[in-house]
Amino acid sequence: MLTLKVNGRTMEVDVEPDTPLLWVLRETIGLAGTRFGCGQGLCGACTVHLDGVATRTCVLPVSDVGTAEITTIEGLSADNCHPVQQAWIELDVPQCGYCQSGQIMAAAALLAENPLPSDADIDDAMTNICRCGTYGRIRKGIHRAARLAARTQ
Amino acid sequence: MSVSELSRRRFLQLGLGASAGLLIGCGSHELDPIASFATTREEQRFRNAWLHIDTDGGINFIVPSTEMGQGVQTALTMLVADEMDADWSRIRTTFAPYDPAFDNPSYFIQVTGGSNSVSSYWVKLRKLGAAARAMLVEAAAQRWNVKPGECSVANSVVSHPSGKSLGFGELAEAAAQLVPPDDPVPKTPDRFRLIGRPVPRLDTPAKISGGAIYGIDVNLPGMLYATVAQSPVFGGKVASFDKAAAMAMPGVRKVVALEDGMAVVADSHWRALKGLEALTITFDNGPNANRNSEDFTRMLEASMQKMDKEPFPDATQRLDVEYQAPFLAHQPLEPMNCTAHVTPTSCRLWVPTQNLHGAAAAAAVVTGLPRQEIEVNVTHLGGGFGRRLESDFVKQAVTIAKEVEQPVRLLWTREEDMQHDFYRPVTRARFQIALGADGTPEEWHTRIASPSSFQKAIAENFPEFSWLPVQALLGDVNMLAGLGTSFVQSNPFPYAVGKLKTEDEIMDIPVPNGSHRSVQHSFSGFCKEAAIDECAHAADQDPLTYRRRLLAEEPRYLGVMDLVAEKADWGKPPPGRFQGLAVHRSFGTYVAEVAEISFTEDGALRIHRIVCAVDCGVVVNPAIAESQVHGAVIWGLENTLRCEITIQGGRVEQSNFHDYEVLRLHEAPDVEVHFVPSAEPPTGLGEPGAPPVAAALTNAIFAATGRRIRTLPLSRHGLNI
């Protein structure tokens, strides 16, 4: 049994310790919003926050999570009210939407660390793949979210 | 939408149980009369019911196309809602399950592809909405004893100048008693309230909360998990396997032999993967184990030698040039997957597919059940791009599900996906062009050589016609798209050249190929637009002026070129920057693009912006339209810059995103999209942005350096961003 803290709740899971966190979240815990894209940490579809840091979970054995607090897309906000989600709605960022949980978690982690990122900062932080080519709107969305967050503070 | 709603059985129950109100349906063909709910059989009437107006005013619309990011869930709903003058906030949508009522009017099967959802349904869905509106108005008019023509509708409320008003919900039951109009008249464009506006997408809220259901998210009680290893060499088979070690792994339930691979079934995806790792498989590589990309290029080059050896001896100037583009993979971010539950008498599927007909056909072949009996429920698609027109993974899922009692979800790894795609085929073309004294082409001869997937597509979607040698009789009708003028070309070669001659050869190359966003146009848009640029330079004329002369009789080509020239400041790039132009029509839509580039001191390519002008007729939703063209440009760019599938030893060399390097955010240039105002019926948008990119970029590189790039990708020429 491993103990995990996910979206503010503590839970025990009975899985092989080498199971990637992604599959524990999706299949054992039932949080399917975090998605599988490549299995090699290359695409970012599986990004969640570990103690606030954007982390790719398809290559992270669950036994390595330790006591870190896990936040998934489901835990980012209860009602799409996070500034990144609000900006994503304003700009209709998603197309197929499959990568967007990961994109949003990466963007939210960037803004938590750097509330007013430059284009260069966004270039460095946002390495997730989007096959629909929503990159232009993701960039605009992050700038917009930065403004929304500043307004609410 | 929850998984339980993604089930046809449930869907029928809901429909029959909740049949209060007005249900309106129509058959699969555009000209069928709109059938009254009251006149068809109980089950059939629900199946045909595209639109349900409930007594509480809620409206449910069955979206006939699959949503893969292109925005049809919103755009098609807008067509119906606008005609109804419905309250947009009261509309819910459901994806249509497999049923002939939802066949694509252009294809006569239930498939989403070819950028034609909006254009195919443009008339039909507006008539559907207009019929609903007319019935609701008539019901109100009868209630008030007034003439229908005196009533007006806004926001789901019918009003009369006397001050009376009733909501759609209050009128729904009375309207259901009326006979639908035979030929409802859609609105004139001046009365559109939604069409033409950037209405927010219906799917955005679920896609940013993690709540949208993709195929990979389907979760059924007792469900098992499967994954596969297929023969790495195309055409290979399993020679032998030893399952003892796999079966001893925790949670592994079953090892299943497939046509060209093995599947492991377990009680979790990770355990299935570990089981597969433990499985010993020996493949018989078959006849293709020594084939490679260099062979294929030699075959294509040899095909080109079948043209005239010494064409146009008397021409003032002549060009004789060859272009080639490589195999490309689709790689939608959601790997191939399908959930199946098979019993001796039933087969239920939950699958992200563009092709419900093909999925049912594949399941029918495996189970022996009639195709009409197969239940296909479609989820959101984590990208399609043409890959999900294929049903190879459906066939596998059903084969595996036959071996277990429980429902089973098959999910491929990225590596399987990369190495068992249906690739954009490697293609080569040769142009022999004679220019007259004024620099215009007097003769334009084209030869193209490529493998084809035409026969395979017919055999798999219409197994009953697989004996017909269509390809042998007709050739591949798509191969000369944009390059030829035969009667089968819906996108003919546009330039007014003296004499056009085309020839083609279908090559026997043992690599699966299929439709890849913009299909043949991704190559024809490149080679045609680069060749015409070569002609312009040979004639010492500006590439825009040169094209305008040869397209003088084509106002829509002129329209997009003039708009892009204006928006891109054609001919006046900032100092140190260079421009390239390309224009191409595909899926009915005209797109002109200008690439603006420069080179850094150390020789790296910088793409500053891609400016696009698009004529797609009426723009139903400008915000979605922009996103489609923008995304198609990014798609075209990565395929121009560096993406390439190569074959060695009969197998794909690339395996994941580290060696198939798709474009990422920091590399994506500014893309500007401008639309030509138009009242023409809408045409395609998902694909037409892609074909011009490659030539716009290579023409700009020529303008900057004098180097003419005729084979893709650019990374092969030392050109990198």
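Read-outs: derived from the displayed coordinates by stated rules, not from any lab. These figures come from a predicted structure and were not determined experimentally. Neighbour counts are summed over all protein chains in view; Cβ atoms, including those assigned to glycine, are modelled from backbone coordinates with ideal geometry.
Summary table
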read-out: Residues B:Tyr423, B:Tyr590 arranged by fewest to most Cβ contacts within 10 Å; value: B:Tyr423, B:Tyr590
read-out: Cβ-derived FRET efficiency at R0 35 Å, B:Ala472 paired with B:Ala239, nearest 0.05; value: 0.60
read-out: Residue exposure sequence - B:Asp217, B:Asp602 - by fewest surrounding Cβ within 10 Å; value: B:Asp602, B:Asp217
read-out: Flagged links, alpha-carbon separation over 31 Å, of B:Lys306/B:Lys456; B:Lys456/B:Lys528; A:Lys5/B:Lys395; value: A:Lys5/B:Lys395
read-out: Cβ-Cβ FRET estimate between A:Cys81 and B:Asp670, R0 fixed at 22 Å, reported to 0.05; value: 0.15
read-out: C-alpha center-to-center spacing [the stretch B:652-721, the stretch B:252-269] in angstrom; value: 40 Å
read-out: Nonlocal amide H pairs with B:Arg253, under 5 Å, H built at 1.01 Å; value: B:Val265, B:Ala266, B:Asp267
read-out: Chain B - share of DSSP beta bridges that are antiparallel (%, nearest 5); value: 75 percent
read-out: For chain B: Kirkwood Rh in Å [reciprocal of mean 1/r, alpha carbons]; value: 27.3 Å
read-out: Gained length - B:Glu373 relative to B:Glu653, 0.36 nm times residue gap less alpha-carbon distance; value: 96.8 nm
read-out: 10 Å Cβ neighbours from other chains, averaged over peptide B:209-221; value: 5
read-out: Dipole of chain B, positive direction: furthest Cα of B:Val378, B:Pro344, B:Val72, with charges on the beta-carbon; value: B:Pro344
read-out: In degrees, nearest ten, helix A:135-152 long axis to first principal axis of chain A (Cα); value: 90 degrees
read-out: B:Lys501 long-range amide H proximity, modeled H, under 5 Å; value: B:Trp444, B:His445, B:Thr446
read-out: Antiparallel content of DSSP bridges confined to the stretch A:1-122, in %, to 5; value: 85 percent
read-out: Hull shadow area, averaged, the stretch A:83-152 [alpha-carbon convex hull, nm²]; value: 4.0 nm²
read-out: Average other protein chain Cβ within 10 Å of Cβ, residues A:99-105; value: 4
read-out: Loop sites in the stretch B:368-445: GluC sites (Glu not before Pro), DSSP, at most 14 other Cβ within 10 Å; value: B:Glu405
read-out: Separation in nanometres of the label points that stand 7 Å from Cα toward Cβ, at B:Arg716 and B:Ser159; value: 6.5 nm
read-out: Ranking of B:Ser240, B:Ser627 by count of other Cβ atoms within 10 Å, fewest first; value: B:Ser240, B:Ser627
read-out: log10 of Debye I(q)/I(0), alpha-carbon scatterers only, for the protein assembly as shown at 0.05, 0.06, 0.09, 0.11 Å⁻¹; value: -0.28, -0.41, -0.95, -1.39
read-out: Anisotropy class of the stretch B:573-711 from Cα gyration tensor, a/c 1.5 cut; value: oblate
read-out: When the stretch A:2-76 is reduced to its Cα atoms, the Kirkwood hydrodynamic radius in Å; value: 11.9 Å
read-out: Those GluC sites (Glu not before Pro) in the stretch B:591-621 that DSSP places in a loop and that have at most 13 other beta carbons within 10 Å; value: B:Glu601
read-out: Under-5 Å amide H pairs with B:Ile109, H placed in peptide plane, nonlocal only; value: B:Asn104
read-out: Computed FRET value (nearest 0.05) for B:Arg549 with B:Thr316, which takes r as the C-beta separation and R₀ as 22 Å; value: 0.85
read-out: Added length on full extension, which subtracts the Cα-Cα distance from 0.36 nm per residue, B:Ala302 to B:Phe462; value: 54.2 nm
read-out: Inter-label distance for A:Asp18 and B:Ser346, nm, one decimal - labels placed 7 Å from Cα along Cα-to-Cβ; value: 3.9 nm
read-out: Residue-by-residue Karplus 3J(HN,Hα) for the stretch A:113-127, coefficients 6.51, -1.76, 1.60, Hz, glycine and proline x; value: 8, 9, x, 9, x, 7, 4, 5, 4, 5, 4, 6, 8, 9, 9
read-out: Centre separation in Å (Cα based) which lies between the stretch B:455-480 and the stretch B:542-574; value: 39 Å
read-out: Kyte-Doolittle mean at least -0.5 and Cα axial length at least 24 Å: DSSP H helices in chain B; value: B:117-144, B:521-538, B:622-641
read-out: Hypothetical label at B:Asp562: residues of the stretch B:675-692 whose amide nitrogen lies under 20 Å (7 Å Cα-Cβ projection); value: B:675-681
read-out: Fraction of antiparallel bridges per DSSP, the protein assembly as shown only, in percent to nearest 5; value: 75 percent
